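What follows is a short report on a single structure.
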Amino acid sequence: MRLVSAPAPSLVVVALLEHGERAGDPTYLVARRPDHAFLGGSWELPGGRVEPGESPEAALVRELAEELGVTAEVVRPLTFSWYRYPDRTVLILFYLARTLPGSTPRPLASSELRLLDRAALLALEMPPANQPLKDLLLQSRP
């Protein structure tokens, strides 16, 4: 019997990023992926890959600054997802994070940004690897 090794998964960090509120409830930032990117045109929560030697929390703060131009704090881990796409496997660590006062998100690495309340976020079609986070949000408050 021959064992076939699969490529190592990419370690990715993603933020359920609170920015502002409506009617006393937090609003969350989502970004639309550029058309030319992997899963182009889909809506996603912001984040990206963890670099070698970098902690997941530091990577998330860096990614939020690079993608959105914001300063953010990581509040706590929420859940994770292990997902195999046809051409790649990802291990996603989801965190609750919030922008710090004075930070205004800008679409530096996406084609569009939106602020959504919890119900609108749950109704949004996102990549399948995000399903564990949506399941968690259906069960409880972050």
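Checking the conditions here, which among Pro56, Pro127 is touching a Leu at 6+ places or on another chain (Cβ under 6 Å) and at pLDDT below 95? First the steps, then the outcome.
Details: Pro56 fails: at pLDDT below 95.
Selected residue: Pro127, the only one of Pro56, Pro127 that is touching a Leu at 6+ places or on another chain (Cβ under 6 Å) and at pLDDT below 95.
Outside any helix (DSSP H, G or I), closer than 24 Å to Ala23 by Cα, in contact (Cβ under 8 Å) with a residue 40 or more places away in the chain and open to solvent by 40 Å² or more (accessible area, probe 1.4 Å), is that true of Arg98? For Arg98, the condition - outside any helix (DSSP H, G or I), closer than 24 Å to Ala23 by Cα, in contact (Cβ under 8 Å) with a residue 40 or more places away in the chain and open to solvent by 40 Å² or more (accessible area, probe 1.4 Å) - is met. Restricting the first member to the range 114-142 and to residues that are free of Cβ contacts under 8 Å to residues at least 40 places away in the same chain, and the second to residues that are among the hydrophobic types (A, V, I, L, M, F, W, C) and open to solvent by 70 Å² or more (accessible area, probe 1.4 Å), the beta-carbon pairs closer than 7 Å and six or more apart or on different chains are Leu122/Leu138. Of the residues Val90, Val75, Val30, Val61, the single one that is assigned to a strand (DSSP E or B), open to solvent by 40 Å² or more (accessible area, probe 1.4 Å) and under 23 Å from Leu11 (Cα atoms) is Val75. Taking each residue of the range 1-23 that is at pLDDT below 85 and looking for partners that are open to solvent by 40 Å² or more (accessible area, probe 1.4 Å) with beta-carbon atoms closer than 8 Å, six or more apart or interchain, yields Pro7/Arg88.
Would you mind finding the one in Leu122, Leu133, Leu113 that is assigned to a helix (DSSP H, G or I) and open to solvent by 20 Å² or more (accessible area, probe 1.4 Å)? Working first, answer last.
Numbers: Leu133 fails: open to solvent by 20 Å² or more (accessible area, probe 1.4 Å); Leu113 fails: assigned to a helix (DSSP H, G or I).
Result: Leu122 is the single residue among Leu122, Leu133, Leu113 that is assigned to a helix (DSSP H, G or I) and open to solvent by 20 Å² or more (accessible area, probe 1.4 Å).
Each residue in the range 93-116 was checked for being farther than 27 Å from Glu54 by Cβ and modelled with pLDDT under 95, and 1 of them qualify.
Do we have Arg141 as within 14 Å of the chain's Cα centre (by Cα), farther than 19 Å from Ser42 by Cβ and of a type in the set (Lys, Arg) here? No, not satisfied.
The values are calculated or read from the model by the stated rules, or taken from the named source; none is laboratory data. Keep in mind that this is a model prediction, so the values were computed, not measured. Because the Cβ atoms are built from the backbone with ideal geometry, glycine has one as well, and the counts that use them run over all protein chains shown. Quick note on the areas: whole protein, heavy atoms, side chains included, nothing else; ligands and nucleic acids left out. Shrake-Rupley method; radii C 1.70, N 1.55, O 1.52, S 1.80 Å.
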